[in-house]
Amino acid sequence: MSKNARQAYAVALNAGHQTSAESWGTGRAVSRIPRVQGGGTQRSGQGAFGNMCRSGRMFAPTKTWRKWHRKINLQQRRYAVSSALAASACPPLVSARGHKIEQVPEMPLVIGTDDSEDSSIEEIITKTKDAIKLFEAIGANSDAEHAADSKKIRAGKGKMRNRRYTLRKGPLVVYADSEAKIVQAVRNLPGVETCAVDRLNLLQLAPGGHLGRFVIWTKPAFEKLDELYGSVTTKALLKPTFAFPRPLMTNADVAQVINSDEIQAVVRPAMTEQKERRKAPKVNPLKNLQAMLQLNPYHEVHRASEMRATAARKAAREAKIAAKRDGTYVKSDEDKAKDKERKARKPASKAFYELASIEGDVMF
């Protein structure tokens, strides 16, 4: 919503193009950027028009037909205003926003006169000195002084653009009568703002999007709120289509709800803090027997059979070596067949080796 107060700005349409420049083309070992024509000066031959050139235009020049403003639904605006009004009545939110409300007697703060008097507070307060006395009486003077003391020169170029000083937000005085004299009384106080109750401004109730503005209500303005916004049980007379937002919880104090006897009687007891178990290191199942057995339980049977076969081969080899040493070894028919086959294959192997050893081409 703060964007709707902006004014259009843009660079000149012909900025950066107020020179006669043309590209030299290719073949001259220079870039094809347009160059200033003529001679006899340093400017001739310099690049022009491009955003990378001196005195050239900017990249994507800004236009005045940018989308400056934003449309917001009416119900959304009313919902936001009602939420900001509710937040202004919550002392923690008002204090968290930075307002000095330690001496304020109550929130929301409503000022008025006795029923015996004919004129309202809006007509009685006509001078600035009367407004200061009123602020001192209701404990709002500390916040007004805090806002006045915060006036400082703005950092940056804004100080040269009619925005020389910055100022914190002070109390917001809400009145009902459009011709109320209290407006002239407080308008000279730095940081103190005024607003009519039938024209409440969201940017004043929640400056910068932060809820909790310190609001000082006049009695007629506070009484008119029910007609403007209604309540949970009654509809608004002046805004028939507006439905007052209902709270999801009747008691917003979550800590009090959780710690109540009714909730604590049915919830589980608080869990003790458990230390996180250390993750087991990764092991190789080909080297770790326990890991292999977890993956393949049959591996134990297979391993036992392999060990028996290995022991049998080792015993047979040792018996064969011992028989050969004693001279009692007798070849079996299977060993004799293998020796005969080996002797029959030996001439062919020898001929292939001699043929392969000859230098030059080898023909098979």
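The values are calculated or read from the model by the stated rules, or taken from the named source; none is laboratory data. Bear in mind the structure is a predicted one, so any value in this text is a computation, not a measurement. No Cβ is skipped: glycine too gets one built from the backbone with ideal geometry, and neighbour counts run over all protein chains shown. Just so you know, the surface numbers come from the protein's heavy atoms only, side chains and all, with ligands and any DNA or RNA stripped out. Shrake-Rupley method; radii C 1.70, N 1.55, O 1.52, S 1.80 Å.
Considering only region 114-163, state which residues are assigned to a loop (DSSP other than H, G, I, E, B), under 39 Å from the mean Cα position of the chain (by Cα) and surrounded by fewer than 11 Cβ atoms within 10 Å (Cβ to Cβ). Scanning region 114-163 gives Ala155, Gly156, Arg161, Asn162.
Picking from residues in region 327-343 that are open to solvent by 80 Å² or more (accessible area, probe 1.4 Å) and of a type outside the set (D, E, K, R), the one that is farthest from the chain's Cα centre (by Cα) is Thr328.
Looking at region 102-109, is at least one residue free of Cβ contacts under 8 Å to residues at least 24 places away in the same chain and within 37 Å of the chain's Cα centre (by Cα)? Taking every residue of region 102-109 in turn, at least one turns out to be free of Cβ contacts under 8 Å to residues at least 24 places away in the same chain and within 37 Å of the chain's Cα centre (by Cα).
Every residue, every condition in (1) in contact with a Pro (Cβ under 8 Å, 6 or more places away or on another chain); (2) of a type in the set (Gly, Ala, Ser); (3) over 20 Å from Thr128 (Cβ atoms), yes or no:
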residue	(1), (2), (3)
Arg164	no, no, yes
Val192	yes, no, no
Arg199	no, no, yes
Leu203	no, no, yes
Ala206	no, yes, yes
Arg213	yes, no, yes
Ser231	no, yes, yes
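Among the residues making up region 19-50, those that are among the hydroxyl-bearing types (Ser, Thr, Tyr) and part of a loop (DSSP other than H, G, I, E, B) are Thr19, Ser20, Thr26, Ser31, Thr41, Ser44. Among the residues of region 99-113, those identified as assigned to a loop (DSSP other than H, G, I, E, B) and open to solvent by less than 50 Å² (accessible area, probe 1.4 Å) are His99, Ile101, Val104, Met107, Pro108, Gly112, Thr113.
Condition check ((1) in a loop (DSSP other than H, G, I, E, B); (2) at pLDDT below 90) across all residues:
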{"residue": "Thr234", "(1), (2)": "yes, yes"}
{"residue": "Thr241", "(1), (2)": "yes, yes"}
{"residue": "Met249", "(1), (2)": "yes, yes"}
{"residue": "Ala252", "(1), (2)": "yes, yes"}
{"residue": "Ala255", "(1), (2)": "no, no"}
{"residue": "Val267", "(1), (2)": "yes, no"}
{"residue": "Met271", "(1), (2)": "yes, yes"}
{"residue": "Lys275", "(1), (2)": "yes, yes"}
{"residue": "Lys279", "(1), (2)": "yes, yes"}
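Suppose we filter Ala89, Ala96 for residues that are within 27 Å of the chain's Cα centre (by Cα) and surrounded by 11 or more Cβ atoms within 10 Å (Cβ to Cβ); which single one remains?
Ala96
Taking the numbered list (1) within 37 Å of the chain's Cα centre (by Cα); (2) open to solvent by 50 Å² or more (accessible area, probe 1.4 Å) in turn, Arg28 passes all entries but (1).
Against the list (1) at pLDDT 95 or above; (2) aliphatic (A, V, I, L, M); (3) over 30 Å from Ala185 (Cβ atoms), the condition Val215 fails is (3). Any residue that is at pLDDT below 90, over 30 Å from Val257 (Cα atoms) and open to solvent by 100 Å² or more (accessible area, probe 1.4 Å) - is there at least one of those in region 284-307? Checking region 284-307: not a single residue is at pLDDT below 90, over 30 Å from Val257 (Cα atoms) and open to solvent by 100 Å² or more (accessible area, probe 1.4 Å).
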